[in-house]
Amino acid sequence: MTVNAVSSLSLDPMRVLFCPGKSATFSRVLDRADRYSINFLRDEQRALSTYFAGSRKHSAPPPFRFVDEGGVPRLEGSLASLICSRHALHDGGDHWLVILSVEKIHRGVEPHRPLIFYKGQYRDLEAARGVAAPDLSDAQDAPAFLYHHD
């Protein structure tokens, strides 16, 4: 399946979460799945994202291959992958909250250009846009403002 968001939940222990809709096909196997790979796609893998979302209009799937990563299928050629085990499954109304413990991180080969989906369409990340953040390594930690609650 394709998900729009995977969220970091905890660094120690390392956990992530995602929230599939209860009406999604994937939700029918959710109670039987105890290990997962989360594969972050590259910018040139739009066809795979569309295919796994179930909305591709072509009859043949785009080329892809899974490789074994300690008993879990990992998408070959992805930007990065997390190999995870299910920690918890919670009812979230019309969605499930799936909390996973990260067992292993696989980093794909360069270049690391992520597939971005924003405001209903795929976008390109332009590295030349914007201004570099200031180097604050020598700055003193001071609050930007003080908040008093009476």
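Checking each residue in segment 101-118 for being surrounded by 15 or more Cβ atoms within 10 Å (Cβ to Cβ), under 19 Å from Asp68 (Cα atoms) and among the hydrophobic types (A, V, I, L, M, F, W, C) picks out only Val102. Farther than 19 Å from Ala5 by Cα and either outside any loop (DSSP other than H, G, I, E, B) or modelled with pLDDT of 90 or more (or both): is that true of Pro61 in this structure? Considered against the rule, which asks whether it is farther than 19 Å from Ala5 by Cα and either outside any loop (DSSP other than H, G, I, E, B) or modelled with pLDDT of 90 or more (or both), Pro61 comes out as no. Across segment 88-123, what is the number of residues that are closer than 21 Å to Ser23 by Cβ and in a loop (DSSP other than H, G, I, E, B)? Summing the residues that are closer than 21 Å to Ser23 by Cβ and in a loop (DSSP other than H, G, I, E, B) in segment 88-123 gives 4.
Given the options Ile38, Ile99, name the one that is in contact with a His (Cβ under 6 Å, 6 or more places away or on another chain) and hydrophobic (A, V, I, L, M, F, W, C). Please lay out each step first, then the result.
On the way: Ile38 fails: in contact with a His (Cβ under 6 Å, 6 or more places away or on another chain).
Criteria check complete, one pass: Ile99.
Only residues that are surrounded by fewer than 15 Cβ atoms within 10 Å (Cβ to Cβ) and either small (Gly, Ala, Ser) or within 21 Å of Leu115 (Cβ to Cβ) (or both) were counted in segment 74-98, giving 5. Do we have Tyr122 as touching a residue at least 12 places away in the same chain (Cβ under 8 Å), over 30 Å from Pro13 (Cβ atoms), in contact with a strand residue (DSSP E or B) (Cβ under 9 Å, 6 or more places away or on another chain) and surrounded by 12 or more Cβ atoms within 10 Å (Cβ to Cβ) here? Considered against the rule, which asks whether it is touching a residue at least 12 places away in the same chain (Cβ under 8 Å), over 30 Å from Pro13 (Cβ atoms), in contact with a strand residue (DSSP E or B) (Cβ under 9 Å, 6 or more places away or on another chain) and surrounded by 12 or more Cβ atoms within 10 Å (Cβ to Cβ), Tyr122 comes out as yes.
Just so you know, in segment 27-47 the residues that are within 16 Å of the chain's Cα centre (by Cα) and outside any loop (DSSP other than H, G, I, E, B) include one that is surrounded by the fewest Cβ atoms within 10 Å (Cβ to Cβ), and it is Arg46. More than 24 Å from Gly120 (Cα to Cα) and either surrounded by 11 or more Cβ atoms within 10 Å (Cβ to Cβ) or at pLDDT 90 or above (or both): is that true of Phe66 in this structure? For Phe66, the condition - more than 24 Å from Gly120 (Cα to Cα) and either surrounded by 11 or more Cβ atoms within 10 Å (Cβ to Cβ) or at pLDDT 90 or above (or both) - is met. The set of residues in segment 9-26 being in contact (Cβ under 8 Å) with a residue 12 or more places away in the chain, not in a helix (DSSP H, G or I) and not β-branched (Val, Ile, Thr) consists of Leu9, Pro13, Met14, Arg15, Leu17, Phe18, Cys19, Pro20, Gly21, Lys22, Ser23, Ala24.
The values are calculated or read from the model by the stated rules, or taken from the named source; none is laboratory data. Note that the structure is a prediction, hence the values are computed from the model and not measured. When we count neighbours, we look across all protein chains shown, and the Cβ atoms used for this are built from the backbone with ideal geometry, even at glycine.
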